[in-house]
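Enquirer: One structure follows; several queries about it will come next.
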Amino acid sequence: MKRQTQEQQIISMMERPIPKKKVGIVKLKMVREGHALYGTRRFRTAEEAADMVRPLFEYSDREMMVVMSLDATLTPIAMEIVAVGGLCSCSIDTRDIFKHAVLSNAAKIVCFHNHPSGNMEASREDSETTARIKEAGELLGIPLVDHIIIGFGKDYISFKDRDIYPFGDREEAA
């Protein structure tokens with residue numbers, strides 16, 4: 001077989017018609033579905049933030065991840081359930097968390113998830129996922145303020161308040 005020179009290959013490509021392709025035209029439109037947090041004011045503590053979202057987790061029998069978008073003064077502007085998993089885990093795509101934040105024009109975010117098992121300790125997977133979210137937020141200019149695990153009753157764990165990795169020492173994660 002003969003090897004074509006680079007020049008011959010280019011000429012051959014130019015002689016063939018380039019097929020026309022359909023290219024999608026995309027338009028994003030944000031539609032407000034409701035006002036679940038009507039009357040919500042700026043929160044000052046992790047406990048106040050946990051109390052705001054607790055009704056979403058109250059009857060959940062599966063692990064869920066919720067992201068709350070905040071303005072620059074930590075006032076909630078939107079909230080979304082970004083993932084629903086099983087009893088012991090929830091697969092979280094970082095893109096889904098920040099898609100919501102970008103579309104709602106958030107300055108910051110707080111993530112929440114529950115542990116239906118009742119175990120209130122942050123797992124190594126919880127810490128690693130939080131680290132990915134925190135790093136992505138820093139790159140996008142939408143920092144992660146906290147990641148809070150919601151438990152039964154009034155129980156909650158704040159990664160930031162307890163200095164759990166990535167907000168604190170890596171050794172804290174179980």
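The numbers here are math on the coordinates, done by the rules we state, and not lab data. All figures in this text were calculated on a predicted structure; none of them were measured in a lab. Positions of Cβ are backbone-derived with ideal geometry, glycine not excepted, and every protein chain shown enters the neighbour counts.
Enquirer: Enumerate the whole-percent occupancy of each 10 Å bin, from 0 to the last occupied one, for all C-alpha pair distances of the range 70-130.
Expert: Using 10 Å bins, I get a P(r) of 19, 47, 29, 4 for the range 70-130.
Enquirer: Please rank 73, 130, fewest neighbouring Cβ atoms within 10 Å first, as an exposure proxy. Don't skip to the answer; put the middle values down first.
Expert: Working: 73 9, 130 24.
Neighbour counts put them in this order, fewest first: 73, 130.
Enquirer: Then there's this: What's the exposure ranking of 95, 132, going from fewest to most Cβ atoms within 10 Å?
Expert: Values: 95 10, 132 15.
Ordered by Cβ neighbours within 10 Å, fewest first: 95, 132.
Enquirer: Working from the pairwise distances between different alpha carbons, so that the mean of 1/r is found and then inverted, what is the range 121-174's Kirkwood radius in Å?
Expert: Numbers: mean 1/r = 0.0883 Å⁻¹.
Evaluated on the range 121-174, it is 11.3 Å.
Enquirer: Here is a further query. Would you please name the GluC sites (Glu not before Pro) within the range 54-161 that are DSSP coil residues with at most 16 other C-beta atoms within 10 Å of their C-beta? Could the numbers behind the result be given before it?
Expert: Numbers: sites: 58, 63, 80, 121, 125, 128, 135, 138; in loops: 58, 63, 121.
Filter output for the range 54-161: 58, 121.
Enquirer: Ranking 110, 66, 84 by Cβ neighbours within 10 Å, fewest first, what do you get?
Expert: On the way: 110 26, 66 21, 84 12.
With the fewest neighbours first, 110, 66, 84 line up as 84, 66, 110.
Enquirer: OK, next. Percent of Cα-Cα pairs per 10 Å bin, from 0 to the last occupied bin, for the range 64-174, please list those.
Expert: Distribution as computed: 15, 50, 32, 3 percent.
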